[in-house]
Amino acid sequence: MNEQNLIEKLITESHLSVPERHALPNGVARFSVIVAQASLVLERDGWLPPGRKGISEFSGALIERLDGGYAVHECHEIGVMRFSEIETQRYSQLKAAVRAWLRIEHGESIDGIAIAWDE
C-alpha cells in the first residue's frame, strides 16, 4: 500500500497493522496527506468516518460534507449509554475542519501514530 492508501485506512478505521505502520514514511501521518485523503472520503461518502450518517448516539467527532463547507459534529458519552447533546461547528475550509476533527477525535496521534502537522 502507498502512503495515501495507508492514511485513508488510518482515518477511516483508526488502525494500522504493524507492517502498515512501518510502511508509513518516517512512521508518521502527515497532516497534508490526511487532508487530501479526507477530501476523497468526504467527496465519495459525505462523512468521515464513512458509514456514520444518521447515527444520533456516538462518542467523539464526525465530519460531514455540506454544500459550501463542512460540519464537525461532536458528542460524548456522559454515563452508561447516555450521550451529551451533539455540538456542531461549521467550517468553510476542509483543512480547518480536519484539524478540529483530529484534535477532538484523536489528539496528537491516531492509534499511536504521530501526526506531523506539516503546515
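Looking at segment 54-62, can you tell me whether even one residue there is loosely packed, with under 12 Cβ neighbours inside 10 Å and at pLDDT 95 or above? No; the residues of segment 54-62 include none that is loosely packed, with under 12 Cβ neighbours inside 10 Å and at pLDDT 95 or above. Restricting attention to segment 91-119, the residues that are surrounded by 15 or more Cβ atoms within 10 Å (Cβ to Cβ), within 17 Å of E8 (Cα to Cα) and of a type in the set (G, A, S) add up to 2. The set of residues in segment 22-31 being surrounded by 13 or more Cβ atoms within 10 Å (Cβ to Cβ) and within 14 Å of A116 (Cα to Cα) consists of L24, V28, A29, R30, F31. Tallying residues that are touching a residue at least 12 places away in the same chain (Cβ under 8 Å), over 20 Å from S32 (Cβ atoms) and assigned to a strand (DSSP E or B) within segment 70-119 yields 10.
Residues satisfying the criterion are absent from segment 92-107 (criterion: modelled with pLDDT of 90 or more, farther than 17 Å from V28 by Cα, over 14 Å from the mean Cα position of the chain (by Cα) and of a type in the set (D, E, K, R)).
When segment 13-34 is limited to residues that are of a type in the set (S, T, Y) and out of contact with any strand residue (DSSP E or B) (no Cβ under 7 Å at 6 or more places or on another chain), the one that is nearest to A96 (Cα to Cα) turns out to be S32.
The values are calculated or read from the model by the stated rules, or taken from the named source; none is laboratory data. Just so it is clear, the structure is predicted and the values come from calculations on it, not from any experiment. Glycine also receives a Cβ, built like all others from the backbone with ideal geometry; neighbour counts cover every protein chain displayed.
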